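Asks: Here it is, the structure in full.
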Amino acid sequence: QVQLVESGGGLVQPGGSLRLTCAASGIDFSAVNMGWYRQAPGKQRDFVASLGSGGTTNYADSVKGRFTISRDNAKNMVYLQMSSLKPEDTAVYYCRTIFSSRLYWGQGTQVTVSS
């Protein structure tokens, strides 16, 4: 059974930092691409960052230079280090992967950036 479990969200002031974690199970983790997406209230779910099995990274323009995606294949975890957070980064953040031609999402973790 494939599971993606996010953690690390919370309330942070503008300019602050958070690190999100996604723990994966039931997949050949080192062989799959992993991604982070986010969904703000009343908006569609948008791409944030991805990290391929070979190490290639991609970022949304809105987070370039502020967010960093990384992975630990030994622990089956992917991380999203977020810095210089802005109120517009407020959203539910989701972990995503495709394994055996099926799309999987985590349950999401809330990030709120507010003073």
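Asks: Give me the residue from segment 68-85 that is within 26 Å of Phe99 (Cα to Cα) and small (Gly, Ala, Ser) and, out of that set, surrounded by the most Cβ atoms within 10 Å (Cβ to Cβ).
Replies: The selected residue is Ser70.
Asks: If you don't mind, there's one more thing I want to ask. Being part of a strand (DSSP E or B), within 17 Å of Met82 (Cα to Cα) and open to solvent by 20 Å² or more (accessible area, probe 1.4 Å) is the filter here; which residues of segment 17-31 pass it?
Replies: Listed by number, the residues that qualify are Leu18, Arg19, Thr21.
Asks: Of the residues in segment 34-60, how many are open to solvent by less than 50 Å² (accessible area, probe 1.4 Å), at pLDDT below 95 and either touching a helix residue (DSSP H, G or I) at 6+ places or on another chain (Cβ under 8 Å) or part of a strand (DSSP E or B) (or both)?
Replies: The qualifying residues number 0.
Let's see how each residue does on (1) surrounded by 12 or more Cβ atoms within 10 Å (Cβ to Cβ); (2) over 16 Å from Tyr37 (Cβ atoms); (3) in contact with a Phe, Trp or Tyr (Cβ under 8 Å, 6 or more places away or on another chain); (4) among the hydroxyl-bearing types (Ser, Thr, Tyr):
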site: Asp89; (1), (2), (3), (4): yes, no, no, no
site: Cys95; (1), (2), (3), (4): yes, no, yes, no
site: Arg102; (1), (2), (3), (4): no, yes, no, no
site: Ser114; (1), (2), (3), (4): no, yes, no, yes
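Asks: Suppose the filter is in a loop (DSSP other than H, G, I, E, B) and open to solvent by 80 Å² or more (accessible area, probe 1.4 Å); does Gly65 pass it?
Replies: Criteria met by Gly65.
Asks: Scan (1) more than 22 Å from Pro14 (Cβ to Cβ); (2) among the polar types (S, T, N, Q); (3) at pLDDT 95 or above for the single condition Ser100 breaks and write down its number.
Replies: (3)
The values are calculated or read from the model by the stated rules, or taken from the named source; none is laboratory data. Note that the structure is a prediction, hence the values are computed from the model and not measured. Every residue, glycine as well, gets a Cβ built from its backbone with ideal geometry; the counts of neighbours run over all protein chains shown. These area figures cover heavy atoms from the full protein model, side chains too; ligands, DNA and RNA do not enter into them. Shrake-Rupley method; radii C 1.70, N 1.55, O 1.52, S 1.80 Å.
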